[in-house]
Amino acid sequence: MVNSTSTICEQLFCDSVIDNDEQEFVEKTMTMNFDNKQQEQQQQESDNDNVYRRQIVWRNVIAMTILHLMAIYSYIYFGLDRRITWYVLFWPDILARISALGVLAGSHRLWSHRSYRARLPLRIFLMILQTMALQNDIYDWCRDHRLHHKHSDTNADPYNARRGFFFSHMGWLMVRKHPDVIRKGKTIDLTDVWADPVVRFQRRFYIPLVLLIWGILPTYFCHYATGYTMVDCFLGAVIVRYVLSLHYAWLVNSAAHLYGYKMYDQSMEPRENRMVVYASMGEGYHNYHHTFPWDYSASEHGWSECFNITTAFIDLCVWLGLAYGRKKANEKIIQKRIERTGNRDYHRKYYDPGTLADYSLGILSSYGFLFITWTLRYLINGQL
Ligand SMILES: [Zn+2]
Ligand SMILES: [Zn+2]
């Protein structure tokens, strides 16, 4: 069912479907380059491993610990208290997902991969959401992410999953960067990112923008809309929302590199992980994404075939005239790639449940955290 609908996607939603011999040539060349880079990287790694010693950055460890303790306290104080009406709990969740769009559709698919083009109003909107997510400014985010793709799962990868789940999830923020990350990071070309005045503006005024967009506005808006105190709103709409959105995003670097199906290229670590797809609104088709990083959907199919909220958002923006130039891999190229380097059984297993099951599970999982909270509230307070 899913395969047949990709043609519809190409006709209705995609601006450029890359499907010729040139594409295949590019793909082969990229693979050869990848092999050479891997050999070079492995040599470099064995040299560097001899001298590299992990250095914990205690300031970051303390900051992360305080942030998480505050989140637990905020969750109990804001989430489980009977003073707060049950539907207000949608607030942190909705804000977490809206800010995540700034990262997923913005710093990831637009600025890092240039998988589609966005007009100025959309770029400004995405920059505002990306600032609310507080995951470094767009320029730094793109450098780390391009490095992650170029040297995936090696010492030069900032979130190297070969160093374990915790390191790739959040541990990388608490230790000094591996020398390879710094050395290879300097070689990443970001001239196209820097050419965007929206990126330059954000980088120049990043701290005041963060204070305003990450902290002050969500707190004040929550206070204005619900009448709860500013402290309640800061804990719920900023702290809980921030920690929640961080873990949703971090799962892409950790779980999606360690658990799941390698459907398109078995020689690499990234995997298709359904739970990460649901947590990150469509970024868990990760084996596909590392195989075809320029595909605007970051997955083989569009949102009408499988759970992918970010792709739906980009398509909506195109429909509104705010975006254009979406790049999409052709079905034939994808099938050839599966035959050559992937695994068709895994592919079948993943897509067999169908679109309805995928969306049902996706929506249920997306609100799993809220369901747990409402259950706990009922058990503790005798009411939702
Ligand atoms: Zn990855
Ligand atoms: Zn990417």
Task: Cβ-Cβ FRET estimate between H149 and Y73, R0 fixed at 41 Å, reported to 0.05 - done: 0.65
- [ ] For the chain, state what percent of all Cα-Cα pairs lands in each successive 20 Å bin, counting from 0 Å until the bin that includes the largest distance.
- [x] 27, 58, 15, 0
- [ ] Distance between Cα centroids, the range 115-162 to the range 297-347: provide it in whole Å.
- [x] 19 Å
Task: Cross-link pairs K150/K262; K150/K349; K150/K327; K262/K327 - those with Cα-Cα distance over 24 Å - done: K150/K349
TODO: Starting from the Cα gyration tensor of the range 85-207, take the square roots of the eigenvalues, sort them a ≥ b ≥ c, and report rounded, prolate or oblate (rounded when a/c is under 1.5, otherwise prolate if a/b is larger than b/c, else oblate).
DONE: oblate
Task: Enclosed volume per residue, in Å³, of the convex hull spanned by Cα atoms of the range 162-291 - done: 162 Å³
TODO: Equivalent ellipsoid semi-axes for the range 57-140, as square roots of 5 times the alpha carbon gyration tensor eigenvalues: give them largest first, rounded to whole Å.
DONE: 30, 20, 8
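All of the numbers you see were taken from the coordinates with simple rules; none came from a lab. Worth saying up front: this structure is predicted, and the values here are computed from it rather than measured. Please note: Cβ atoms are built from the backbone with ideal geometry, for glycine as well, and neighbour counts cover all protein chains shown.
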